[in-house]
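The values are calculated or read from the model by the stated rules, or taken from the named source; none is laboratory data. Every value quoted in this text rests on a predicted model; they were computed, and no experiment measured them. We place every Cβ from the backbone using ideal geometry, glycine too, and count neighbours over all the protein chains shown. These accessible areas exclude ligands, DNA and RNA; they are computed on the full protein's heavy atoms, side chains included. Shrake-Rupley method; radii C 1.70, N 1.55, O 1.52, S 1.80 Å.
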Amino acid sequence: MNLDLTEDQVLIRDAVRELCRGEFGTQAAKWDRDDTIPPAAIAKLAEIGLLGMNVPEEWGGLGYDSRTVTMVIEEIARVSAALAIMVAVHNSVGAYPIYAFGTEEQRKRYLPRLTTGAVGAFALSEPGSGSDASALLTTAKHDGDHYVLDGEKNWVTNGRHVWTFLVLARTNGPGAKGISAFIVENNQQGLTIGKSEDKMGLRGSDTVTLAFDHARVPASQRLGPEGEGFKLALQSLDAGRIGVASQALGVMTAAFHEAARYAQQRKAWGGPIAKLQAIQFKLAEMERRVQCARLLIRKAAWLKDTGQDFIRAASMAKLYATEAATWVTHQAIQVHGGYGYVKEYAVERYYRDARVMEIYEGTSEIQRLVIARSLLADGVRL
Ligand SMILES: Cc1cc2nc3c(=O)[nH]c(=O)nc-3n(C[C@H](O)[C@H](O)[C@H](O)COP(=O)(O)OP(=O)(O)OC[C@H]3O[C@@H](n4cnc5c(N)ncnc54)[C@H](O)[C@@H]3O)c2cc1C
């Protein structure tokens with residue numbers, strides 16, 4: 001596994017870094033306060049192609065490998081985790097599945113817009129099913145050349161900015177094999193997009209409910225074969241987990257840097273608190289976790305880019321990086337003392353933003369199940 005970035009990757013990282021730290025850096029706190037990210041920020045990302053990162057160039061995307069995508073998401077998350085999740089969800093489970101599983105017609109209809117500014121979302125979770133996602137109740141009944149969708153989705157990231165929702169619904173009876181995927185457009189009759197959740201963190205990233213009431217979706221908008229929707233969703237989520245890990249890495253790196261900077265400025269007992277061993281140990285432990293997360297993410301991305309099985313590695317990267325982000329951001333507040341608890345300092349935002357990463361795209365408990373099952377399937381003796 002090569003740990004060095006290529007020349008191209010350095011150029012890409014620096015360009016994204018400049019945009020994020022320059023233009024977005026001054027606005028991220030306001031987006032959090034106002035709980036909204038302006039469409040202009042999304043348009044800016046689209047302008048440099050970041051809404052089509054993993055779609056091949058022939059379909060209007062940039063054709064980045066997984067390693068490059070993780071690097072871009074990390075850079076965005078260092079400034080705004082809310083913007084980073086918007087980009088990560090759009091790319092990994094909004095646009096890419098249409099390329100990977102779509103027909104020629106679906107690719108032609110959706111990819112040109114989804115790679116240049118229109119936003120995609122993913123609607124699997126429901127009020128009664130999250131981790132146990134294959135228990136979903138939304139139905140899609142075949143009726144001539146349409147499917148009629150009824151049911152409710154929740155926690156849909158990007159909901160209010162979205163053109164296309166990738167919706168999972170039940171077509172063929174119970175269990176995972178009864179689920180199919182559909183591309184549903186935002187102006188679909190019978191679809192109501194609810195209001196955004198009032199969240200603890202990731203403010204600015206909108207998270208909505210969807211209600212389907214006899215929504216007649218053309219059969220041509222079914223993605224993949226009937227009954228294959230759940231498989232397709234899980235495959236997309238496996239890659240998405242490396243993206244969430246990168247988002248966590250970005251937030252914890254930013255928190256670590258803030259803590260290190262503050263520790264060298266804040267004076268107590270006649271000198272900077274960075275001279276106190278208790279603070280030094282915190283900084284050392286933060287850096288250790290940042291670097292461990294980075295290595296796990298690189299390994300998962302490398303496995304994926306070289307066509308190897310990356311599922312366990314993606315879960316390990318997601319589990320480690322998100323739990324580390326919770327810890328690092330928590331400690332960054334501690335290093336700041338009382339000042340860490342007020343909005344004037346960015347660390348309180350990082351802490352609120354990091355917390356949810358242990359929950360979405362598979363909770364920490366579910367990642368542990370995925371890892372254990374994969375180990376046992378490989379014949380590891382207990
Ligand atoms: C901000 C945000 C954005 C989101 N975005 C999206 C999105 O874009 N699209 C989408 O479809 N969903 C999205 N989600 C939903 C998210 O994926 C779910 O919240 C998550 O999968 C957990 O499901 P749940 O909330 O129903 O919790 P539950 O599944 O009810 O879990 C509750 C607790 O039980 C534990 N648990 C459950 N099963 C097991 C088990 N077998 N073993 C051990 N412990 C277990 C869980 O780990 C958790 O601690 C989002 C959620 C949030 C908060």
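Some observations on this one:
- About the Cα centre, charge dipole magnitude for segment 120-228 (Lys/Arg +1, Asp/Glu -1 at Cβ), debye: 160 debye
- Signed unit charges on C-beta, dipole axis of the chain, positive-most listed residue Gly117, Tyr320, Trp302: Tyr320
- The charge dipole of the chain, taken about its Cα centre with unit charges on the Cβ of Lys, Arg, Asp and Glu (plus for the first two, minus for the last two), comes to roughly 1060 debye.
- Measuring against 20 Å, Cα to Cα, the residue pairs Lys153/Lys199; Lys199/Lys343; Lys30/Lys199; Lys108/Lys141 contain Lys108/Lys141 as the ones spanning a longer distance.
- Counting only residues at least eight positions apart within a chain, or on another chain, the lysines with an alpha carbon under 20 Å from that of Lys304 are Lys231, Lys318.
- Split the accessible area of segment 244-339 by element, probe 1.4 Å, and carbon with sulfur accounts for 56%.
- Dipole-positive endmost among Thr363, Leu237, Gly337 within segment 231-377 (Cβ charges, Cα centre): Gly337
- Cβ-based net charge around Tyr339, under 15 Å, with every Lys or Arg adding one and every Asp or Glu removing one: +2
- Label zone of Ala219 (point 7 Å out along Cα→Cβ, amide N under 15 Å): in segment 135-177 this covers 140-149, 171-172.
- Each of Asn54, Pro218, Tyr350 was placed along the dipole of the chain (beta-carbon charges, centred on the mean Cα), and the one lying farthest toward the positive end is Tyr350.
- FRET E, pair Thr306, Ala43, Förster distance 30 Å, beta-carbon r, rounded to 0.05: 0.30
- Surface exposure of the chain, expressed per residue as accessible area with a 1.4 Å probe, stands at 45 Å².
- DSSP H segments from the chain that extend 27 Å or more along their own axis, Cα-based, with Kyte-Doolittle mean of 0.0 or above: 229-265, 311-336
- Dividing the summed helix terms, -39500 (n - 2.57) for each DSSP H run of n ≥ 4, by the number of residues in the chain produces a 222 nm estimate of -16000 deg cm²/dmol to the nearest 500.
- Take every Cα pair under 8 Å whose residues are at least 6 apart in sequence, average their separation, divide by the length of segment 260-367, and the relative contact order is 21 percent.
- Whole-number D in µm² s⁻¹ for the chain, Kirkwood Cα-pair radius fed into Stokes-Einstein, 25 °C, 0.890 mPa s: 115 µm²/s
- With a cut-off of 10 Å between beta carbons, the residues surrounding Thr164 carry a summed charge of +1, where Lys and Arg count +1 and Asp and Glu -1.
- In this Cβ point-charge picture (+1 for Lys and Arg, -1 for Asp and Glu), segment 231-377 has a dipole of about 220 debye about its Cα centre.
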